Amino acid sequence: MLGFLTARQAGLDDPLRLRRAESTRRVLNLELNHDRDVDRIHSNGVNTIDIEVIEGRYMLSGGADGVIVVYDLENNSGKPQYTCKAVCTVGRSSRYVHRFSVETVQWYPHDTGMFVSSSFDKTMKVWDTETLKPAEVFQFEGNVYCHHMSPIARKHSLIAVGTKDQKVQLCDLKSGSRIQVLQGHRGEVLSVRWSPRYEHILATASTDSRVLVWDVRRASGSLFSLDQHNGDKSKASSEAVNTAHNGRVNGLCFTVDGLYLLTTGTDDRMRLWNSANGKNTLVNYGKVSNESRKGLKITVSHSCSPEFVFVPCGSSVAVYTLHTGELVTMLRGHYNNVDCCQFHPDYQELYSGGKDCNILAWVPIVRPPDVEEEGTAAKVGGCTQGVIRPGSPEAWS
């Protein structure tokens, strides 16, 4: 650490190098924080969580009980032991609450005054955070598995929605209506994700084992379908369509730079794809246990070298190195299956929610202080002169 600081101070290193090194160290030292609790509000499993990017302070959660909760993650107590309090709740007593399980919640990317939720009650609701009332309600014909808003869009305000229907719905926040339908899947759409690099690029995953990549400005269909065999017909099955997995595809996640796309499937595999040409990078993550019949929320690290991916795996969260597939660690703490996890890029922390109704906080181990060497004090001229600590101002000079 001191070497990085010295090189940065002298102008020998790019400041980003120190940031990446420390971010990587912190992710590699994640552990369950016993000093930080999150208010237990949900009476059933936690399906989805989201942390807003404006302040990095407020977290949304949606549960199988239909309840939505907003938490304040900031510690204002002045003590290391504290509880992340629920600021507000759309509970069972509210007339606006979802009737069935909430599958996805997401903050509006540019303002914490609005968030969106979707549910098995066949609705997607756009909420005013101040009043906790829906400003808009979209009705669908089947259960809503997922939705997603682009984190970078400036030229459109579309929400992609995956439902029990085979068609991907695009809803416009400005007009409050469904304006476009993307047809190509042959099964339920379990996951949708906008690219963080190009605002018109959308990836969708379905129970038909396929992942399609779309440019929503085109009316002629998807750009391409991901093929796990990269066009090698000798390995492919006799089916005419390309498949990304040999089971349901229930998890999608772009890397922060948008250059790669991660997918998870019920064939117990996770694959990394080049998002520009749809090629399988053939990174081997080994067996990634996945029995979820719904969408699985995975997440990736930010500003690390190398980058990491966090995947719910049974009652644990598996941490893999993104480009090598190495299993770094298993974060164990839940008493039942984990359904979702969310990385906090500002503090390199991880939050996970599971069927045990708990939201757990995983934080980096505090770096131990430098310890003085014992028995090395030397007497010079009748005076006792201590050893200089590596982190002291004397050492810097």
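The values are calculated or read from the model by the stated rules, or taken from the named source; none is laboratory data. The shown structure was predicted, so the numbers you read here are calculated from the model rather than taken from an experiment. Here the Cβ is made from the backbone with ideal geometry for all residues, glycine too, and neighbour counts use every protein chain on show. In case anyone asks, the SASA skips ligands and DNA or RNA and just uses the protein heavy atoms, side chains included. Shrake-Rupley method; radii C 1.70, N 1.55, O 1.52, S 1.80 Å.
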In the range 111-135, anything open to solvent by 70 Å² or more (accessible area, probe 1.4 Å) and either closer than 17 Å to VAL161 by Cβ or touching a residue at least 12 places away in the same chain (Cβ under 8 Å) (or both) is listed as ASP111, LYS122, GLU130, LYS133, ALA135
The residue from SER61, SER94 that alone is surrounded by 13 or more Cβ atoms within 10 Å (Cβ to Cβ) and assigned to a strand (DSSP E or B) is SER61
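Evaluate the following for SER303: is it touching a helix residue (DSSP H, G or I) at 6+ places or on another chain (Cβ under 6 Å) and surrounded by 14 or more Cβ atoms within 10 Å (Cβ to Cβ)?
Yes: the conditions hold for SER303.
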Of the residues in the range 298-344, those that are in a strand (DSSP E or B) and small (Gly, Ala, Ser) number 2
Of those in the range 156-198 that are more than 15 Å from VAL116 (Cβ to Cβ) and basic (Lys, Arg), the residue least open to solvent (accessible area, probe 1.4 Å) is LYS167
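Let's see how each residue does on (1) in contact with a Ser or Thr (Cβ under 7 Å, 6 or more places away or on another chain); (2) open to solvent by less than 30 Å² (accessible area, probe 1.4 Å):
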{"position": "ASN242", "(1), (2)": "yes, no"}
{"position": "LEU262", "(1), (2)": "no, yes"}
{"position": "ARG269", "(1), (2)": "no, no"}
{"position": "GLY278", "(1), (2)": "no, yes"}
{"position": "PHE308", "(1), (2)": "yes, yes"}
{"position": "TYR351", "(1), (2)": "no, yes"}
Considering only strands (runs of 3 or more DSSP E) wholly within the range 119-183, the ones with at least 1 residues that are under 21 Å from GLY221 (Cβ atoms) and touching a Leu at 6+ places or on another chain (Cβ under 6 Å) are 158-163, 168-172, 177-182
- Somewhere in the range 86-105, is a residue among the charged types (D, E, K, R) and more than 30 Å from LYS122 (Cα to Cα)? no
Within the range 310-330, the residues that are among the aliphatic types (A, V, I, L, M) and open to solvent by less than 10 Å² (accessible area, probe 1.4 Å) are VAL311, VAL317, ALA318, VAL319, LEU322
- Query: Do we find a residue being open to solvent by 10 Å² or more (accessible area, probe 1.4 Å) and within 23 Å of SER292 (Cα to Cα) anywhere in the range 14-21?
  - Reply: no
Restricting the range 37-58 to residues that are open to solvent by 20 Å² or more (accessible area, probe 1.4 Å) and within 14 Å of the chain's Cα centre (by Cα), the one farthest from TYR145 (Cα to Cα) turns out to be VAL53
When restricted to SER77, SER101, the only residue open to solvent by 40 Å² or more (accessible area, probe 1.4 Å) and either modelled with pLDDT of 95 or more or farther than 24 Å from GLN139 by Cβ (or both) is SER77
Scanning the range 199-213 residue by residue, the ones that are under 21 Å from THR255 (Cβ atoms), buried (at least 24 other Cβ atoms within 10 Å of the Cβ) and of a type outside the set (A, V, I, L, M) total 1
Given the criteria touching a Pro at 6+ places or on another chain (Cβ under 6 Å) and at pLDDT below 95, does ASP111 qualify? no
Checked against (1) open to solvent by less than 50 Å² (accessible area, probe 1.4 Å); (2) touching a Leu at 6+ places or on another chain (Cβ under 9 Å); (3) under 26 Å from VAL102 (Cβ atoms), TRP273 satisfies every condition except (3)
Checked the range 293-324 for anything among the charged types (D, E, K, R) and under 11 Å from the mean Cα position of the chain (by Cα); matches are LYS297
